[in-house]
Amino acid sequence: MTRARLFRLSVVLGSVFMILLIIVYWDNVGTAHFYLHTSFSRPHAPGTPPTAAQDEDREGLLDVDEFLEKLLSSGLRQNGPLNRKMEQAPLQGSSRPVLGNLEENVRGYDWSTRIARVSLDQEKLQAERRRTLREFCANSSFAFPAKERSFDDIPNYELNHLIVDDRHGIIYCYVPKVACTNWKRVMIVLSESLLDQGAPYRDPLDIPREHVHNSSTHLTFNKFWRRYGKFSRHLMKIKLKKYTKFLFVRDPFVRLISAFRSKFELENEEFYRRFAIPMLKLYSNHTNLPTSVSEAFRAGLKVSFPDFIQYLLDPRTEKMAPFNEHWRQVYRLCHPCQIDYDFVGKLETLNEDAAHLLQLLKVDRLLHFPPSYRNRTASSWEEDWFAKIPLAWRQQLYKLYEADFVLFGYPKPENLLKD
């Protein structure tokens, strides 16, 4: 019996070793877009008790945790000289791109903020932001949905905003309407996950917007199952431990205004069909609406900001489907109480934070962070935008986004929440 068990264990460990060699090989050659389409195992159905064989597998997984970590560390060391070689390359000047997107055409870029000085207080600022985040995550009297769950409890599909760059050991959680287009461009340049005529992009602004937001361009945590099978969570945890993790956030109410302007004040066919038509029917009593956004705009049929706020507060909304990523709360996108972020940037200090982060990542000689849009939604606009929103709605909306205000150190907007 003992010999049989030892034989089975040796076969399992041998298989694990070969699989991990393949994984590390593909990571080292930089094929972040390559996925193994055959899973190494299938998850057992919820509620199904594990068998004795599964118990042995679990013991084996615990035994190989240290082995996985050593392999990953080895891979990072092997990539090190390549990274240093890349960092010696001269920084190419960014050309002003031909704008191919409606939003970019309308708003353009603000080149006046191209160069930002890194404040001497950046380190203190980061320490304060991270301390605030940790304190409220640990505060048992401050509760919000899913706060207490562990990283293992997060469903795989909720990890789709965590972009991984194995070449430089970086994980970025992108938040829509918080400069995520340009940060995704930066991640594409660093990871070399997209080629232009056979060569990796070097200038973030050369990357077309339609490629930036194509999910197949990026390696994200939710894809790990297809690539690593039952070792996916173990590898995620190792990468979370060893890689530099960052996100950028924004005043929650200002982010909502920005999302509304982008998706409902400009002609957007997808958002018109998926969101505007239902909103106009439910909250503006419109019927027989045009099927295309251009026809609707010509007829003066647009979603109003109060319509949008009603939609967010309507309990039926999330019974139908989770919030769209453009207005979903940051704590639901990036799981800041389950992931210990090393850097918390803010859109309000984007240029300084971006310059500081690129220095910390030791990639500031490779690229510059692209310029911001002109006419960016500003915090000073809040009172005007919310002037026609009833007080009770404003108070409900704050409760809905309170966790984002508190966790990321944004003051409660008292001027909007009182008569």
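The values are calculated or read from the model by the stated rules, or taken from the named source; none is laboratory data. The structure displayed is predicted, hence computed values, not measured ones. Counting neighbours? That spans all protein chains shown, and the Cβs are built from the backbone with ideal geometry, glycine included. Surface areas here come from the heavy atoms of the whole protein model, side chains and all, with no ligands, DNA or RNA. Shrake-Rupley method; radii C 1.70, N 1.55, O 1.52, S 1.80 Å.
A protection proxy built from the mean count of other Cβ atoms within 10 Å ranks the segments 331-341, 169-179, 152-162, most packed first, as 169-179, 331-341, 152-162.
For the stretch 368-419, the solvent-accessible area with a 1.4 angstrom probe is 54 square angstrom per residue. Counting protein heavy atoms only, the stretch 154-232 has 46 percent of its accessible area on carbon and sulfur, 1.4 angstrom probe.
Taking 0.36 nm per residue of separation and subtracting the Cα-Cα distance, full extension of the segment from Leu282 to Glu325 would add 13.3 nm. Packing here is the average count of other Cβ atoms within 10 Å per residue, and on that basis the peptides 345-358, 195-208, 263-276, highest first, run 345-358, 263-276, 195-208.
Solvent-accessible area of the stretch 295-378 (1.4 angstrom probe, protein heavy atoms only): carbon and sulfur portion equals 49 percent. Given the stretch 151-259, what percent of its DSSP beta bridges are antiparallel, to the nearest 5? Taking every DSSP beta bridge within the stretch 151-259, about 65 percent pair in antiparallel fashion. The residues of the stretch 166-325 expose, per residue, 39 Å² of accessible area to a 1.4 Å probe. For the stretch 261-279, backbone nitrogen atoms closer than 12 Å to the point 7 Å from Ala299 Cα along Cα-to-C-beta are found at 277. Length gain on complete extension for the stretch Asp314 to Thr349, per 0.36 nm per residue less the alpha carbon to alpha carbon distance? Gain on stretching Asp314 to Thr349: 9.3 nm.
Computing FRET efficiency as 1/(1 + (r/R0)^6) for Lys242 and Glu210, where r is the C-beta to C-beta distance and R0 is 41 Å, gives about 0.80.
Cross-link partners of Lys241 among lysines, defined as those whose alpha carbon lies under 16 angstrom from its own and excluding same-chain residues fewer than eight positions apart: Lys70. Peptide packing: for 294-306, 218-230, the average count of neighbouring Cβ atoms within 10 Å per residue gives the ranking 218-230, 294-306, highest mean first.
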